[in-house]
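Read the structure below first, then the notes.
The values are calculated or read from the model by the stated rules, or taken from the named source; none is laboratory data. This is a predicted model, so every value here is computed, not measured. Methodologically, a virtual Cβ is constructed for each residue, glycine included, from the backbone with ideal geometry; neighbour enumeration extends over all protein chains shown.
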Amino acid sequence: MKVVVKKLADLKRPPKNTRMHTDKQLAEFRRSVEMFGQIRPIVVDENNVMLAGNGLYETLLSLGKTEADCYVVTGLTENEKKKLMLADNRIFDLGVDDMSVFDAFIAELGDDLDVPGYDDDLLRSLVADAGEVEEMMAGYGTVDEERREQIRSAGETMRRQEEAAAPEPAPAVPAGEGDSQGQAGRCVICPKCGERIWL
């Protein structure tokens, strides 16, 4: 693979890009480039249209860079270019972390947990010893007395509101009395519209 340096101003965004880059992702991308530099090339076609690496391109621009390492792919049909773009985005999603190796790496890093793409508090919790985890979890799910009283009070208020909103039972209609069609017996009154419903 021959990588060439190209001016960012000469690169063109594709008309459509299936990958959307969130602010969070671009911020982490920026941290990565600041820490390690550009570690993979932007893939472009013979017309400098980007086929892979749009997020990297945006990151380099935000850092004030003017050039990027690029890999130029030539001779692809328009369909092949679209397939390359789809495959580049999807294939990375199919990988699965080996958590035993991941845990070992994190443990080996010790206190140096500034890793782009990860929240260092989360990484610290992954390598915490049993005592630290027990301390972090000690207060999880507990409710103090003041909060308990607030919950009880809210429950009582809701019960009173439900009782006040309950419809009054409909009065019985004496035998022989009925609606305008001569029905006899009992009725209920619809709480929504007030209409009598004969039983």
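Listed values, structure above:
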| read-out | value |
| --- | --- |
| So Val133, is it among the β-branched types (Val, Ile, Thr) and modelled with pLDDT of 70 or more | no |
| Number of the condition not met by Met35 [criteria: (1) surrounded by 13 or more Cβ atoms within 10 Å (Cβ to Cβ); (2) touching a Pro at 6+ places or on another chain (Cβ under 7 Å)] | (1) |
| Failed condition for Ala172, given (1) surrounded by 10 or more Cβ atoms within 10 Å (Cβ to Cβ); (2) at pLDDT 80 or above; (3) assigned to a loop (DSSP other than H, G, I, E, B); (4) of a type outside the set (Ser, Thr, Tyr) | (2) |
